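The values are calculated or read from the model by the stated rules, or taken from the named source; none is laboratory data. In this text the structure is predicted, and so the values were computed from the model without any measurement. Note: ideal-geometry Cβ built from the backbone for every residue, glycine included; neighbour counts use all protein chains shown. When the accessible area is computed, the model is the full protein with side chains, heavy atoms only, and any ligands, DNA or RNA have been set aside. Shrake-Rupley method; radii C 1.70, N 1.55, O 1.52, S 1.80 Å.
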Amino acid sequence: MKPNPLLFLALTMTASNAQNKIHGYPDGPKLPGVPYVVHDPARPQPRIIETAGAVVVKPPSDAIVLFDGKSLDAWTPGWKIQDGSMVAADRDIQSKQSFGAVQMHFEWRLPKDRKVDGQGGGNSGVFMMGLYEVQVLQSNNNKTYPDGQAGSLYGQLPPLVNATSPQGDWNSYDITFVPPVYEDGKVTTPAKITIFHNGVCVQNGESYLGPTEHRKLASYPAKHPETAPLKLQFHGDPMEYRNMWIRPLGKRD
């Protein structure tokens, strides 16, 4: 049978479109202030930039070291240590200490030999106060809904740019986080966060709409703790973490 070039072209385009499809939820709730919904696959992808990779910062003298490559004593049980890295496994874990306003540093990566597709294969997250997620996702050469990629306020706000290192290389996050302020049971100042990803600012003093939700519009509860443990998410993938430390942000004299 003589090959049909038009049929071949159609099959090739179908396969290409399937590979480039961005998973998401176009029927999600509307986000305030923008013409997009939560986890909108049609939202513009953050511009891709190249960096030198992870910025390694030694813990300052007043930092609380959460992982030094040797001990998981700062965390509830569940994860493991492998070659000096803390590896996500089995379940979410929490810090044994509670925190409010903080400066935080950590480095993360996904091993080279793992298949990644959107939110699957290379997914984790760090929840400030156990409530506000900073997305950890292998986003180099991996498209997903923008408010779910690396450096996003998950389900709320994409990063300014996509600064993710190639799979197998280390990334760094440097974060400052401030909890919301309540007066008479109402939020007067929302939780705010700044994130540097591999030395590049991807969130600049941005506000959370409320604690992180999946496929829902976030909002603030009537009551809120002053401090709470950090949470590290196990999303079924062996994401690795190292050099994790935190500094509670006190007041000036």
Report every pair of residues separated by at least 6 positions or lying on different chains whose Cβ atoms are under 9 Å apart, first residue within the stretch 59-72 and part of a loop (DSSP other than H, G, I, E, B) and surrounded by 13 or more Cβ atoms within 10 Å (Cβ to Cβ), second modelled with pLDDT under 95 and among the acidic types (Asp, Glu). none
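Being among the small types (Gly, Ala, Ser) and either under 22 Å from Pro60 (Cβ atoms) or at pLDDT below 95 (or both) is the filter here, so list the residues in the stretch 224-253 that pass it.
Pass one, the stretch 224-253, residues among the small types (Gly, Ala, Ser): 228, 236, 250.
Correct list: Gly250 only.
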Restrict the check to the stretch 126-137 and report whether at least one residue is on the phi < 0 side of the Ramachandran plot, part of a loop (DSSP other than H, G, I, E, B) and either among the charged types (D, E, K, R) or surrounded by fewer than 19 Cβ atoms within 10 Å (Cβ to Cβ) (or both). no
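With the structure loaded, tell me whether Gln203 is closer than 23 Å to Pro46 by Cα and touching a helix residue (DSSP H, G or I) at 6+ places or on another chain (Cβ under 8 Å) or whether it fails that test. Give the derivation first.
Details: closer than 23 Å to Pro46 by Cα: yes; touching a helix residue (DSSP H, G or I) at 6+ places or on another chain (Cβ under 8 Å): no.
So Gln203 does not fit the description; no.
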Among Gly155, Gly185, the single one that is on the phi > 0 side of the Ramachandran plot, at pLDDT below 95 and of a type outside the set (Lys, Arg) is Gly185
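Which strands (runs of 3 or more DSSP E) does the stretch 155-253 wholly contain that include 3 or more residues that are of a type outside the set (S, T, N, Q) and open to solvent by 20 Å² or more (accessible area, probe 1.4 Å)? Steps first, please.
Working: elements: 171-178, 181-183, 186-189, 192-197, 200-207, 228-234, 240-248.
Hits in the stretch 155-253: 181-183, 200-207, 228-234, 240-248.
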